[in-house]
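Undergrad: The following block contains the structure, expressed as structure tokens.
The values are calculated or read from the model by the stated rules, or taken from the named source; none is laboratory data. No experiment lies behind these values; they were computed from the predicted model shown. Quick reminder, even Gly has a Cβ in these numbers, built from the backbone with ideal geometry, and neighbours come from all protein chains shown.
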Amino acid sequence: MALMTAEQYIESLRKLGTRVYMFGEKIDNWVDHPIIRPSINCLAMTYELAQQEEYKDLMTATSNLTGHTVNRFTHLHQGPDDLIKKVKMQRLLGQKTASCFQRCVGMDAFNAVYSTSFEIDEKYGTSYHENFKNFLIEMQEADYTVDGAMTDPKGDRSKAPHQQEDADLFVHVVEQREDGIVVCGAKAHQTGAVNSHWHLIMPTQSMGENDKDWALSFACPSDAEGVYMIYGRQSCDTRKMEEGSIDVGNKKFGGQEALVVFDHVFIPSKYVFMNGEYEFANMLVERFAGYHRQSYGGCKVGVGDVLIGAAALAAEYNGAEKASHIKDKLIEMTHLNETLYCCGIACSAEGWKTKAGNYQIDLLLANVCKQNVTRFPYEIARLAEDIAGGLMVTMPAESDFDSETVVGRNGETIGQICDKFFAANPAIPTENRQRVMRFIENMCLGSSAVGYRTESLHGAGSPQAQRIMIQRQGNIQGKKQLAKDITGIED
Ligand code: SF4
Ligand code: FE
């Protein structure tokens, strides 16, 4: 099948029987729900841009499995060039949506499971890699979106999976059958889960022998029997239910997270890619996390580009653009943003070939990338708020600006009064100022702040997870030897 258009993607979601719950109720027409739809539009951009000639080189690739043209989001990286194009593609999509476009988790999971399943088979003579290749061909040919699902709810953090009072706090096998497995549990914070056709499940952490039943990787369709999802709230999400287009900040696009529950779901053997090989859980986690930490050197940079632009517009609309401190703040924002991009490109350029043949990013540099992402977007957002001014959080509602209710002695309406007192640069309509303020509010504090701020902190692993990896990969012993060699110290 050819690549899907954005419209075909949206229509394909309607055909799924995905069970979605929000505000305590089942949402039947979730595709057109005003809170959910912006996240669908956002993901649809990964389809739309792949259709455009000018972006084909970034957005599509030739599958090493079939030789067919596929969306890059379903591609196995064949070299550093593919890894670099991936980061550039993510920056582009961040620029076009100012949101999390969700499809990267599947791409990152494909690449991690592909190489890990190869190495499990090498040790045990299993056929997980063949299973996975067939699954991936199915996804590539249908141009599906897949939720790469790693994060379990995890319960008591001091306990391993098998020690939890409730075994379901990590996804696990409850029945081994001739023809497959039955699983229970849940994956939390699942980016784009509702908007995905399939889910690719991976273990969330290293596991020991007693955790065998939790050392699992498999795929299942979104509407498999026993799967349901509970939608995650975002700050100011109900503004999406309001009329108007200003107060919501970003009317068209947004991100999405959900809790995905597996209640005795049967998984046929051909969709199982790890089943008890606990010593490979760590490899899969490190590889997936590494890819997703690289990803942030693209997507967050693209969103940062839009936020820098919005801050510069706010300065212009406020009449402050010529102030030297404003110029300096925009320089600082750019410096921080491009530093993140440097990290994303660097870990890609230093990529290496796995035994399976696809390419993995440099783990140390990818973890440095993500560690910076846990900090710099916060500073960029702080500077954007500094430049915008307090109005971004104190301005009356769009409906006040539209109101014809008379309040003034001379018959002025609420709308006219708002327009008069919130005007700044006389060359700029007040409405433009309103739009840019609400947009900055949305990215720094509203629903898009999920993607730009808190996700920058915790997505792809919280800061401490990167510090552990930086310690493991930092080769301090080798560096000590460098110092010994030069100083002539002999042990
Ligand atoms: Fe992609 Fe970034 Fe969203 Fe992760 S946070 S899915 S890398 S856009
Ligand atoms: Fe993410």
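Undergrad: Keeping to the range 85-125, report how many residues are free of Cβ contacts under 8 Å to residues at least 40 places away in the same chain, out of contact with any Phe, Trp or Tyr (no Cβ under 9 Å at 6 or more places or on another chain) and not basic (Lys, Arg).
TA: 1
Undergrad: Further, regarding this structure: If only one of Tyr296, Tyr341, Tyr291 is assigned to a helix (DSSP H, G or I), in contact with a Ser or Thr (Cβ under 9 Å, 6 or more places away or on another chain) and among the hydroxyl-bearing types (Ser, Thr, Tyr), which one is it?
TA: None of the others qualify; the one that does is Tyr296.
Undergrad: Let me ask something else. If Ile470 satisfies every condition in (1) in contact with a helix residue (DSSP H, G or I) (Cβ under 7 Å, 6 or more places away or on another chain); (2) without any contact (Cβ under 8 Å) to a residue 24 or more places away in the chain; (3) within 29 Å of Tyr378 (Cβ to Cβ) but one, which is the exception?
TA: (2)
Undergrad: For Leu16, are the conditions met, namely being assigned by TED's automatic domain parsing to the domain that holds Tyr144 and either small (Gly, Ala, Ser) or surrounded by fewer than 19 Cβ atoms within 10 Å (Cβ to Cβ) (or both)? Before the answer, list the steps.
TA: Values: assigned by TED's automatic domain parsing to the domain that holds Tyr144: yes; either small (Gly, Ala, Ser) or surrounded by fewer than 19 Cβ atoms within 10 Å (Cβ to Cβ) (or both): yes.
It is true that Leu16 is assigned by TED's automatic domain parsing to the domain that holds Tyr144 and either small (Gly, Ala, Ser) or surrounded by fewer than 19 Cβ atoms within 10 Å (Cβ to Cβ) (or both).
Undergrad: While we're on this one: Taking the range 48-69, which residues are outside any loop (DSSP other than H, G, I, E, B) and over 20 Å from His292 (Cα atoms)?
TA: Those that are outside any loop (DSSP other than H, G, I, E, B) and over 20 Å from His292 (Cα atoms): Glu48, Leu49, Ala50, Gln51, Glu53, Glu54, Tyr55, Lys56, Asp57, Thr62, Thr69.
Undergrad: Looking at the range 282-324, which of its residues are within 16 Å of ligand 1 (Cβ to nearest atom) and either modelled with pLDDT under 95 or among the aromatic types (Phe, Trp, Tyr) (or both)?
TA: Phe288, Tyr291, Tyr296
Undergrad: Using beta carbons and a limit of 6 Å, which pairs, at least six apart or on different chains, have the first residue in the range 341-357 and under 29 Å from Asn131 (Cβ atoms) and the second one among the hydroxyl-bearing types (Ser, Thr, Tyr)?
TA: As it stands, the answer is Gly351/Tyr359; Lys353/Tyr359; Thr354/Ser115; Ala356/Tyr114; Ala356/Ser115, since those pairs meet every condition given.
Undergrad: Restricting attention to the range 276-299, which residues are touching a Leu at 6+ places or on another chain (Cβ under 6 Å) and either surrounded by fewer than 22 Cβ atoms within 10 Å (Cβ to Cβ) or under 15 Å from Tyr452 (Cα atoms) (or both)?
TA: Selection gives Gly297 alone.
Undergrad: Checking the condition touching a Lys or Arg at 6+ places or on another chain (Cβ under 9 Å) and either without any contact (Cβ under 8 Å) to a residue 24 or more places away in the chain or in a loop (DSSP other than H, G, I, E, B) (or both), which residue from Phe266, Phe253 passes?
TA: Criteria check complete, one pass: Phe253.
Undergrad: Can you name the number of the only condition in (1) within 16 Å of ligand 1 (Cβ to nearest atom); (2) touching a Gly at 6+ places or on another chain (Cβ under 7 Å) that Asp402 fails?
TA: Asp402 satisfies every listed condition except (1).
Undergrad: Would you mind finding the one in Thr145, Thr191 that is within 16 Å of ligand 2 (Cβ to nearest atom), out of contact with any strand residue (DSSP E or B) (no Cβ under 6 Å at 6 or more places or on another chain), at negative phi and not assigned by TED's automatic domain parsing to the domain that holds Val450?
TA: Thr145
Undergrad: Kindly establish whether Lys96 is over 28 Å from Thr238 (Cα atoms), out of contact with any Pro (no Cβ under 7 Å at 6 or more places or on another chain) and of a type in the set (Lys, Arg). Quick ask: steps written out before the conclusion?
TA: On the way: over 28 Å from Thr238 (Cα atoms): no; out of contact with any Pro (no Cβ under 7 Å at 6 or more places or on another chain): yes; of a type in the set (Lys, Arg): yes.
So Lys96 fails the test.
Undergrad: Right, next: So is Phe439 away from ligand 1 (no atom under 16 Å from the Cβ), of a type in the set (A, V, I, L, M, F, W, C) and touching a Gly at 6+ places or on another chain (Cβ under 6 Å) or not?
TA: In short, yes.
Undergrad: Return yes or no: is Thr204 within 25 Å of Gly276 (Cα to Cα) and either in contact with a Lys or Arg (Cβ under 6 Å, 6 or more places away or on another chain) or at pLDDT 95 or above (or both)?
TA: The answer is yes for Thr204.
Undergrad: Mind checking whether some residue in the range 97-119 is more than 16 Å from ligand 2 (Cβ to nearest atom) and among the basic types (Lys, Arg)?
TA: No, because not a single residue in the range 97-119 is more than 16 Å from ligand 2 (Cβ to nearest atom) and among the basic types (Lys, Arg).
Undergrad: Name the one entry in Ser196, Ser206, Ser222 that is over 20 Å from the mean Cα position of the chain (by Cα) and hydroxyl-bearing (Ser, Thr, Tyr).
TA: Ser206
Undergrad: Continuing with the same structure: Regarding Val306, is this residue of a type outside the set (Ser, Thr, Tyr), within 16 Å of ligand 2 (Cβ to nearest atom) and not assigned by TED's automatic domain parsing to the domain that holds Cys220?
TA: no
Undergrad: Counting just the residues of the range 215-249 that are among the small types (Gly, Ala, Ser) and surrounded by 21 or more Cβ atoms within 10 Å (Cβ to Cβ), which one comes out nearest to Val174 (Cα to Cα)?
TA: Ranking the candidates gives Ala215 first.
Undergrad: Quick one: in the range 155-207, which of the residues that are of a type in the set (S, T, N, Q) and not in a strand (DSSP E or B) is farthest from Gly17 (Cα to Cα)?
TA: If we take residues in the range 155-207 being of a type in the set (S, T, N, Q) and not in a strand (DSSP E or B), then Ser158 is farthest from Gly17 (Cα to Cα).
Undergrad: Name every residue in the range 99-113 that is within 11 Å of ligand 1 (Cβ to nearest atom), over 15 Å from Gln294 (Cα atoms) and not aromatic (Phe, Trp, Tyr), in order of residue number.
TA: Ser99
Each row is one residue, and each column tells you yes or no for (1) at pLDDT 95 or above; (2) of a type outside the set (A, V, I, L, M, F, W, C); (3) more than 22 Å from the chain's Cα centre (by Cα).
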position: Gly411; (1), (2), (3): yes, yes, yes
position: Cys418; (1), (2), (3): yes, no, yes
position: Arg438; (1), (2), (3): yes, yes, yes
position: Arg467; (1), (2), (3): yes, yes, no
